[in-house]
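Computed from the coordinates by the stated procedures, all read-outs in this text should not be read as laboratory data. What you are looking at is a predicted structure, and each value in this text was computed from that prediction instead of being measured. Here the Cβ positions follow ideal geometry from the backbone for every residue, glycine too, while neighbour counts run over all protein chains shown.
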């Protein structure tokens, strides 16, 4: 993508760790120029997961997908020259980013019957907390002024 990696990371940070549906909605309403491109990459990743599920025979549940990792690495830089005063030239670089989005499937939660079996097997212990003991503040001693010296006559 023709955007600096720093700007792409701002948008990728919004979707990292979220479910795919939530990430798509977030990108659809994000007011950044790179958001449509990131949305395109995310949809491509979802379609790749769908392809693995349908054609390759892997068991992938599209409803449980979430964005496991989303990174923007630095790509090649285009070096350009801008005219400067008095016939000089300033060099600058046009940065590019390689955007990678990794999806994973959330593990299904344990069923309620398993949770009940564990609860009956080992009852939960209550943690007993002792009240905090406050330490008395150290008393400040007032420095005594030395007695005034007697004047000689």
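Worth pointing out:
- Inter-site label distance for residue 40 and residue 86 at 7 Å from Cα along Cβ, in nm: 4.4 nm
- For the listed peptides 52-58, 66-72, 20-26, a ranking on the average number of other beta carbons within 10 Å per residue, highest first, reads 66-72, 20-26, 52-58.
- Multiplying the residue separation of residue 61 and residue 6 by 0.36 nm and removing their Cα-Cα distance gives an extension gain of 16.6 nm.
- Spacing of the modelled spin labels on residue 105 and residue 71, each 7 Å from Cα toward Cβ, amounts to 2.5 nm.
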